[in-house]
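Let me begin by presenting the structure, written as structure tokens, before commenting on it.
The values are calculated or read from the model by the stated rules, or taken from the named source; none is laboratory data. Computed from a prediction, not measured in an experiment: that's the story for all the values here. Every residue, glycine as well, gets a Cβ built from its backbone with ideal geometry; the counts of neighbours run over all protein chains shown. These accessible areas exclude ligands, DNA and RNA; they are computed on the full protein's heavy atoms, side chains included. Shrake-Rupley method; radii C 1.70, N 1.55, O 1.52, S 1.80 Å.
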Amino acid sequence: MQLAMLRQVTRSSVHKPYYARHYATSQSKRTVGGLNFGDIEKKWQKRWAESAPTPPMTTGKSFYVLSMFPYPSGILHMGHVRVYTISDTVSRFRKMAGYDVIHPMGWDAFGLPAENAAIERNIHPAKWTKDNITTMKRQMKRLSLDMDWSRELATCDPEYYKWTQYFFLQFHKAGLAYQKEATVNWDPVDQTVLANEQVDAEGKSWRSGALVERKKLKQWFFKITDFAEPLLEDLKVLEHWPDRVKQMQHNWIGKSTGANFKFQVDANVPETLKHVEVFTSRPDTLLGVQYLTLAPEHPLINSEYLPKEHSGKVTDFVESLKKVQNMDEAENNKQGVFTGLYAQHPLTSEQLPIYVAPYVISDYGTGAVMAVPAHDKRDWEFAKANNIVDEIKFVVDPLVQEEGAVSDRSEPFLGNGVLNAASGKYQGMRSNEAMAAVVADAKENNFGESAVQYRLRDWLLSRQRYWGAPIPIIHCPSCKVVPVPEADLPVHLPLDIALEGKGGSPLQKVEDWVNCKCPKCNGPAKRDTDTMDTFVDSSWYYMRYVDPHNQNLPFDHDKATERLPVDVYIGGVEHAILHLLYSRFFSKFLLKQGFYAEKPEASGNRGEPFKVLLTQGMVQGKTFKDPVSQRFLKPEEVDSSDPKNPKIISSGETPLMSYEKMSKSKYNGVDPTAITENHGVDPTRLHILYKAPPSEALEWDDVSIVGMQRWLAKLHKLAVSAGNEAPHVFEADTIDMSTMNNEEKKVYRFTHNTIQQVTDALSTSFGFNTAIADLIKLSNFISSSAISPATPTYRHAVESLVKMVAPMAPNIAEESWEALGGDHTKQSSVFSQRWPSLDQRALVADELKCVVQINGKTRYTVNIPADLAQDQSKVEEFAKQSPQSDKWLAGKNVHRVIMAKGGKLVNFLVK
Ligand code: ANZ
Ligand code: ZN
């Protein structure tokens, strides 16, 4: 997946990163506790490739687990390893639990870096992309990821983008794809449009270094604003999404309620401009309006309509704003210009001056603001900066009850409150009441009504780039905008092209592609030369996976109905807004259009694509800095032989140490391939899962991987000991407890407690770290218990342990399963075994701990047989028989005994 707003140019990464060199020399730590992880991995990866394990009996239930698909940059990073390990664990677990699982993988393969590689190094984007996919796929396989490669897709494949184009046409047909002018980054030297990623922090072009200009061009938009309300409202359905993500989406959609009011303009202007309409979220402040402000793009800002003595100044001012490099600068600009025009206050008929203000956004609300300096910070600052009013008019006062909230009028009062005498007939009303009253009056007197605004903008999807899906539109001189007929899809991206990064949009130069016939009149016409934002590609890929080879449709209706929504979606929190919002928009639209239906169990899901969202935290690298120069240090500049006490080699000083997002400039990256080569795949996977819960940052540190290596070796030893001793009892999930001695009962009970906890972690809480901790405890319990490896209980415990480790450490689990005797049935694999089922009886404790209180104070505890705990007289008896009772109860006069918590507490009231 790619990010949209990155300002940094991400140059391609075909060169070997420095860390590959760094690790090449470090010593292999692959053999630990007699296990050679590398050899075992090779053995099992080969076996799985030869014949995939047949899953155990299915329950008929399906499960869809998905990691966000990667951009094929050519190099897998630790963030990828983390997210795929998580989804692989969930997928393997669900398969063992009898689900029909899909766990697909594909490539978000269109996008800018491929194009940059072509410009910089003369490699065709298609080849660059394909090579990178090959490399990354190999790296993924090394990680023992059980992906469903039969469903693999790449968004740059015509088989795929045919349907991306098809969906564009569906949006167009539904009136949800349209063109309008929008501002783009223009490189005046190379004469080309730049992506945001190609503009650096100083607003300069990545290639030419020229100061980027803002230029208006006709662009394609999806009307996502039509879905603003359901996109907001249905966040409520998403019970299993992180609150933080929902909050971010909520704010992004930004619903605001208030009113639109009209102010009559006293000037000779066309009828449509006779009123300036404003949107306000504070109708209660209407009587505090002292002037109006308009966006520079407002239609009234036209020299024809402005008084002569002002129009020159206004035009100069508006022109000067176009040179402003970024929006923040424009928004913070407090300077404005008086237009020479006045509008009439609808209630007082006062003449209000009209200003142009850079901070008024042309496409929010009506592009005009009723300015209330007393109660709005920006209006206050603008009024002061431009000397607009002599006296600021306060109309709302803080409620007196609110302590310390008395306004001394040295700054704007921003909150709701109570309307004061300056508000005339509204005096005494609370803000909320006054809002309703003002809006009612506006309605009656025809100057306004209540209104809702969203901050959400329509989705600008066209890019003046090459490596993307061409927009399937033809421009005809007589028929104008003509959609490409569905039967003519895909509109192939021409492969024969020279990319230079200058001289206009790349596709414009491919003449025999651009020139075509109009599908309507057959006359000469031209193709649209824009391509689609890659976020369009990624807004529906999870739907294509359900039916990836369909030649006639993007996907089969029934297959999608059966498989959607995705049960668990895992990816980086950096996609919390755009990708997820666009995907929600797509899936809601496609549900509405009948491309799939909601299965009965999912009704009320309202076309939400992802049921559970797991946002995984960043993988941070150990970062060293020179304490004096603050310079980042390369790993080879630091002596880390004592990890607790690192030293800068050249100076002997202690470096500053922190964990930060891995990046080349901080020399703190690690190469997953080197890590797994050195430490083994399974230890690496476990280490990643163990170090932090999925949503938290993971402070990478490979020193402690050895802990996981040792534990896996121990686990394997347990399997060998059980395999050597015990009869083959693979089928048994539960054992009759009545035949067990006490030690065996303890082990059996511990095993089932662990089964319960691990099952819960893998199916609902996703606390993989606690699951691993529980499994470690179980292995310790087994090896320190006194029971014989020849007993069924021992064997059952080890089998369960191995099965439960399997989703996280697949290679060693297979090896251990084989050691347990799995080889007896050829083809036997731990992944063909059923997930251990829970024996509820084992969870019932034999004894329970009863807290004994004397006059309400806890004094001692006593163990009571569980089956007697309900009987108060027995509980009393046990409590009195305890040796400790001598100290607290002997010779006391017990006048009442209270038992609570089912025998877990007994309170003696004594005198
Ligand atoms: C008068 C007023 C009085 C306002 C007051 C606020 C406080 P939200 O809540 O984010 O929707 N506004 C309206 N259109 C604007 C535009 N195109 N560009 C910049 N500002 C705009 O913000 C709504 C408020 O932002 C509106 O309410 C308006 O100022 C301003 F005590 O109107 B208000
Ligand atoms: Zn035509």
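The helix-only estimate of mean residue ellipticity at 222 nm for the chain, built from DSSP H runs of length n ≥ 4 each weighted as -39500 (n - 2.57), is -10000 deg cm²/dmol after division by the residue total. Counting only protein heavy atoms and using a 1.4 Å probe, the accessible area of Glu500 comes to about 90 Å². For region 587-603, list residues with backbone N below 19 Å from a point placed 7 Å from the Cα of Asn552 toward its Cβ? Counting only backbone N, you get 594-597. Please say if region 257-358 is rounded, prolate or oblate, where rounded means a/c under 1.5 for a ≥ b ≥ c the square roots of the C-alpha gyration tensor eigenvalues, and otherwise the choice is prolate for a/b larger than b/c and oblate otherwise? Oblate, because a/c is 1.5 or more while a/b does not exceed b/c.
Phi angles across region 472-482 convert, under the Karplus curve 6.51 cos²θ - 1.76 cosθ + 1.60 with θ = phi - 60°, into 3J(HN,Hα) values of x, 10, 10, 9, 10, x, 9, 8, 6, 7, 10 Hz, Gly and Pro given as x. For the chain, the dipole from Cβ point charges (+1 on Lys and Arg, -1 on Asp and Glu) about the Cα centre works out to 1640 debye, to the nearest 20.
Which of the peptides 751-759, 858-866, 809-817 is most tightly packed, and how do the rest follow, going by the mean number of other Cβ atoms within 10 Å of each residue?
Going from most to least packed, we get 809-817, 751-759, 858-866.
Under the simplified labelling scheme, the Asp131-Glu319 pair shows an inter-label distance of 5.0 nm, with each label point 7 Å from Cα along Cα→Cβ. For Lys904, the lysines whose Cα falls under 23 Å of its own Cα, not counting residues fewer than eight places away in the same chain, are Lys745, Lys746, Lys849, Lys857, Lys874, Lys880, Lys887, Lys892.
The coefficient of translational diffusion for region 503-567, derived via Stokes-Einstein from the alpha carbon Kirkwood radius under 10 °C and 1.306 mPa s, stands at 106 µm²/s.
Restricting the GluC sites (Glu not before Pro) of region 396-471 to loop positions (DSSP other than H, G, I, E, B) with no more than 11 neighbouring Cβ atoms within 10 Å leaves Glu402, Glu403.
Spin-label model, Ala773 to Leu656: label points 7 Å out along the Cα-to-beta-carbon direction sit 3.2 nm apart. Counted residue by residue at 0.36 nm each, then reduced by the alpha carbon distance between them, the extension gain from Ala845 to Val189 reaches 228.3 nm. Relative to the longest principal axis of the Cα atoms of the chain, the long axis of helix 158-173 lies at roughly 50 degrees.
Full extension of the chain between Asn863 and Asp701 gives 53.9 nm of extra length, using 0.36 nm per residue less the Cα-Cα distance.
The packing ranking, built from the mean of other Cβ atoms within 10 Å per residue, places the peptides 792-798, 234-240 in the order 792-798, 234-240, highest first.
Cross-link pairs exceeding 28 Å between alpha carbons, from the set Lys130/Lys520; Lys137/Lys777; Lys173/Lys588; Lys520/Lys588: Lys130/Lys520; Lys137/Lys777; Lys520/Lys588. Overall shape: prolate for region 833-911, with the ratio a/c of the largest to smallest alpha carbon gyration tensor axis at 1.5 or above and a/b above b/c. Here's the picture: charge each Lys and Arg Cβ at +1 and each Asp and Glu Cβ at -1 in the chain, and of Met657, Met96, Gly604 the one pushed furthest to the positive end of that dipole is Met96.
Neighbours of Ile772, meaning other residues whose beta-carbon lies under 11 angstrom from its beta-carbon, give a summed charge of +2 when Lys and Arg score +1 and Asp and Glu score -1.
With θ taken as phi - 60° and the Karplus curve 6.51 cos²θ - 1.76 cosθ + 1.60 applied, the whole-hertz 3J(HN,Hα) list for region 532-539 is 8, 3, 5, 5, 5, 4, 8, 7 Hz, x standing for glycine and proline. When the pairs Lys377/Lys666; Lys322/Lys425; Lys61/Lys236; Lys255/Lys664; Lys377/Lys622; Lys141/Lys162 are compared against a 32 Å limit on Cα-Cα distance, Lys377/Lys666; Lys322/Lys425; Lys255/Lys664; Lys377/Lys622 fall above it. With 0.36 nm allotted per residue and the present C-alpha distance subtracted, the Trp149-Val628 stretch has 167.3 nm of extension available.
Place the peptides 490-499, 418-427 in order of packing, highest mean first, counting for every residue the other Cβ atoms within 10 Å and averaging per peptide.
Numbers: 490-499: 15.3, 418-427: 17.0.
The peptides rank, most packed first, as 418-427, 490-499.
Per residue, the convex hull spanned by the Cα atoms of the chain amounts to 258 cubic angstrom.
Kindly express, to the nearest 10 degrees and within the range 0 to 90, the angle between helix 112-121's C-alpha long axis and the longest C-alpha principal axis of the chain. Taking the Cα atoms of the chain, the angle to 112-121 is about 80 degrees. Phi angles across region 199-211 convert, under the Karplus curve 6.51 cos²θ - 1.76 cosθ + 1.60 with θ = phi - 60°, into 3J(HN,Hα) values of 10, 7, 5, 8, x, 10, 5, 5, 9, 8, x, 6, 5 Hz, Gly and Pro given as x. With all protein chains kept in place, the per residue accessible area of the chain amounts to 45 square angstrom at a probe of 1.4 angstrom.
Residues of region 651-666 falling in the label zone of Glu636, defined by backbone nitrogen less than 19 Å from a point 7 Å along Cα to beta-carbon, are 651-652, 663-666.
Convex hull volume of the Cα atoms of region 594-645, normalised per residue: 219 Å³. Amide H to amide H, with H built 1.01 Å from N, Tyr860 comes under 5 Å of Val852, counting only residues 5 or more places away or on other chains.
In the chain, the longest principal axis of the Cα atoms and the axis of helix 78-96 are about 60 degrees apart.
Per-atom-type breakdown for the chain gives carbon and sulfur 50% of the accessible area (1.4 Å probe, protein chains only).
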